[in-house]
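Let me begin by presenting the structure, written as structure tokens, before commenting on it.
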Amino acid sequence: MRVKGGVVSRRRRKKLLKRASGFYSANSRAFTHAKEKVDRALAYEYRDRRVKKRQMRNLWIQRINAAARMNGTSYSLLMNALKKAGVELDRKVLSDLALRDASAFTSIVKQVLPQASA
């Protein structure tokens, strides 16, 4: 006996086409095109959840470096000084301090730099 998968197939296709809504042209309307594009989008989504973490760390480092240079030092010298002084502030917190509270960042830099050279 032949089984027609009408309801199940239609449900599966509708679910996929719903995921493809907002894609350009036939990629949001034609099932075969939409299937390829949704698969590709899911691959990018998975990859970019990891890439986002890298990009944020890079942004934090750039912000710390800019603030450090405004205080007469460089990123690498500052991070070395922080490590030697035993300051356990991570890059996210340092970046936020540099951005929102420049005076606090400056005071941290002034406290740890003399200890690094000693």
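Derivation of every value follows stated rules applied to the coordinates shown; laboratory data play no part. Source: prediction; values computed, not measured. In this analysis, Cβ positions are derived from the backbone assuming ideal geometry, glycine residues included, and neighbour counts consider all displayed protein chains.
Numbers for the structure displayed
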item	result
Verdict on residue 81 being part of a helix (DSSP H, G or I), surrounded by 15 or more Cβ atoms within 10 Å (Cβ to Cβ) and of a type in the set (Gly, Ala, Ser)	yes
Filter result (in contact with a Leu (Cβ under 7 Å, 6 or more places away or on another chain) and among the β-branched types (Val, Ile, Thr)) within the stretch 45-100	64, 73
When residues of the stretch 84-118 are limited to those that are on the phi < 0 side of the Ramachandran plot and in a loop (DSSP other than H, G, I, E, B), the one surrounded by the most Cβ atoms within 10 Å (Cβ to Cβ)	87
Test result for residue 41, part of a helix (DSSP H, G or I) and touching a helix residue (DSSP H, G or I) at 6+ places or on another chain (Cβ under 7 Å)	no
Any chance residue 37 is closer than 21 Å to residue 19 by Cβ, surrounded by 13 or more Cβ atoms within 10 Å (Cβ to Cβ) and among the basic types (Lys, Arg)	yes
The lone exception for residue 47 - which of (1) of a type outside the set (Val, Ile, Thr); (2) surrounded by 15 or more Cβ atoms within 10 Å (Cβ to Cβ); (3) farther than 30 Å from residue 111 by Cα it fails	(2)
Residue match in the stretch 51-72 (condition: on the phi < 0 side of the Ramachandran plot, in contact with a Ser or Thr (Cβ under 8 Å, 6 or more places away or on another chain) and of a type in the set (Phe, Trp, Tyr))	yes
